Amino acid sequence: MSQVFFTVRFVSRCRSFRFLLSPTVRQRSALDGLLGLQRELYNAALEERRGAWRWEHRSVSYADQCRTLTALRAADPAVRAAGVTVSRGTLARLDRAFAAFFRRCQEGEEPGYPRFKSERRFSSLQWEDRDGWRLDTAAGRLHVHGIGGVKVRLHRPLRGTPKAITIKREGRRWWATVRCVHVPAEPLAPTGRQVGIDLGVRVLVATSDGQLLANPRHGARGAARLAAAQRNVATKQKGSKRRWRAGEQVGAAHRYIRNCRMNALHQLSRQLVNDYDLLVHENLRIPNLVRRPKPRPDGKGGHEPNGAAAKSALNRCIQDAGWGALLAMITYKAEGAGRCVIAIEPRNTSRTCAHCGHISAGNRHDAQFRCQACGHEDHADINAAINILRAGRAQQQQHAA
């Protein structure tokens, strides 16, 4: 695994700002209608690409479908009334889906061919430029073509230049995500402190200066509510309104767990960025860590035990901890604060003695670290965090030289 070095510079950035919308009943109906229209456009564009390749072995690009959209707007008044910008955003979304499909094919991953979207799987509208919408911060209104002025709760000031917007429906709520460019950095005063960060399951974050931050386990806390909602769905007839309402309860349970997790990670990442000038973490390949174990055929038509049940439980804990989201938050917040973030090779960080440098798998016993060479004892995660910080400093000096 290659080492990664990332240095923060004071540059203008691109940032997204998410706000809650409060549409009226008429505006909700108009947004739902626009969602349905764009979903039909998405499915039609997908069918055009599939059919062109199946029958003519011809690839259809985003530019080709934009030219087709021009003729479609002339023939269909509903598409013309919706505006060209949101329709181009839908075609760009399909184009990104195909680009991701071809990338996964080249990298040997599971391809996942783009599929048709049902009503429940299409919940967002995208405007890729400034045409078709306008945000009035003074009046607290988001003016959208064909929808009107929707009340928006601007809980924080918008910084930078608004460039694009995405409107998404989550349950009964509507959210607007405004993407801004040229967002000025807000550097923090230097603290003179450096830290190594070791991520774990029982202890979410262990720092090199001895802090142990427990894992809140939001998924485990909300598991009972989620399981009850899923059992309620199983008792309802498919296609019925009661099943649809029960499904909304499942979605609400998932969103509650996600919001609790993201809120805790935001607070933790902000605390770390505020307290330290240099933050060093392991360059983890999280998709590889949560990969299923390979089956072990026994040659008799069955399979030998491969620890799949225990690995599934560990995978749930890793995903519940949100390592990837935490590292992403630390990175982008450090960029705006003028901090330095370094990702180092994770090999042997938990097996190496921070006192004498002896490497052995027997040094660590669960959460306790005891060096077999010098007898040094410490918490295993704190010992690993010290090694992470030391490797980050060495990499920083090597890069500066």
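The values are calculated or read from the model by the stated rules, or taken from the named source; none is laboratory data. Everything quoted here is computed from the prediction, not taken from an experiment. Cβ: placed from backbone, ideal geometry, glycine included. Neighbour counts: every protein chain shown. These accessible areas exclude ligands, DNA and RNA; they are computed on the full protein's heavy atoms, side chains included. Shrake-Rupley method; radii C 1.70, N 1.55, O 1.52, S 1.80 Å.
Numbers below:
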{"quantity": "Dipole of the stretch 302-345 [Lys/Arg +1, Asp/Glu -1 at C-beta], most positive-end residue of Ala313, Gly324, Gly302", "calculated": "Gly324"}
{"quantity": "Rotationally averaged projected area of the stretch 90-249 (alpha carbon convex hull; nm²)", "calculated": "16.0 nm²"}
{"quantity": "Whole-Å semi-axes of the ellipsoid equivalent to the stretch 1-154 (Cα gyration tensor, √5λ, descending)", "calculated": "30, 26, 14"}
{"quantity": "Span-rule helices in the chain, defined as complete DSSP H runs reaching 15 Å or more along the axis (Cα) with Kyte mean at least -1.0", "calculated": "25-56, 62-75, 84-106, 223-234, 308-321, 323-337, 380-400"}
{"quantity": "Per-residue HN-Hα couplings for the stretch 118-133 [Karplus 6.51, -1.76, 1.60; θ = phi - 60°; Hz; x = Gly/Pro]", "calculated": "7, 4, 7, 9, 10, 9, 9, 10, 10, 10, 7, 9, 7, 6, x, 7"}
{"quantity": "Quotient of C-alpha Rg and 2.2 N^0.38 Å, computed over the stretch 283-346", "calculated": "1.66"}
{"quantity": "Accessible solvent surface per residue of the stretch 9-155, calculated while the other protein chains remain in place, 1.4 angstrom probe, Å²", "calculated": "58 Å²"}
{"quantity": "For the stretch 97-144, fraction of C-alpha pairs farther apart than 12 Å, in %", "calculated": "74 percent"}
{"quantity": "Volume in Å³ per residue [convex hull over Cα atoms, computed for the chain]", "calculated": "216 Å³"}
{"quantity": "Gap separating the Cα centres of the stretch 363-387 and the stretch 93-123, nearest whole Å", "calculated": "44 Å"}
{"quantity": "Cα-based radius of gyration of the stretch 37-108 once divided by 2.2 N^0.38 Å, which approximates compact folds", "calculated": "1.17"}
{"quantity": "The stretch 188-268 - Rg (one decimal) and Dmax (whole number), Cα, Å", "calculated": "19.1, 62"}
{"quantity": "Hull-based mean projected area of the stretch 101-193, where the convex hull spans the alpha carbons, in square nanometres", "calculated": "11.3 nm²"}
{"quantity": "The stretch 29-170, dipole about Cα centre (Lys/Arg Cβ +1, Asp/Glu Cβ -1), debye to the nearest 20", "calculated": "460 debye"}
{"quantity": "Debye, to nearest 20: dipole size of the stretch 312-399, +1 on Lys, Arg Cβ, -1 on Asp, Glu Cβ", "calculated": "160 debye"}
{"quantity": "Count, lysine Cα pairs under 19 Å in the chain, 8 or more residues apart or across chains", "calculated": "4"}
{"quantity": "Spread of Cα-to-Cα distances over 10 Å intervals beginning at zero, given as percent, for the stretch 250-401", "calculated": "10, 26, 33, 22, 8, 2, 0"}
{"quantity": "Filtered trypsin sites (Lys or Arg not before Pro), the stretch 230-290: DSSP coil and at most 14 other beta carbons within 10 Å", "calculated": "Lys238, Arg285"}
{"quantity": "R0 of 22 Å, Cβ-Cβ distance Lys241-Glu119: FRET efficiency to nearest 0.05", "calculated": "0.95"}
{"quantity": "Computed Kirkwood radius, in angstrom, where 1/r is averaged over Cα pairs of the stretch 309-392", "calculated": "14.6 Å"}
{"quantity": "Accessible-area composition of the chain, carbon plus sulfur, in percent [1.4 Å probe]", "calculated": "51 percent"}
{"quantity": "Helical contribution to [θ] at 222 nm, DSSP H n ≥ 4, -39,500 (n - 2.57), averaged over the chain, rounded to 500", "calculated": "-15000 deg cm²/dmol"}
{"quantity": "Separation of alpha-carbon centers, the stretch 145-178 and the stretch 232-258, rounded to whole Å", "calculated": "26 Å"}
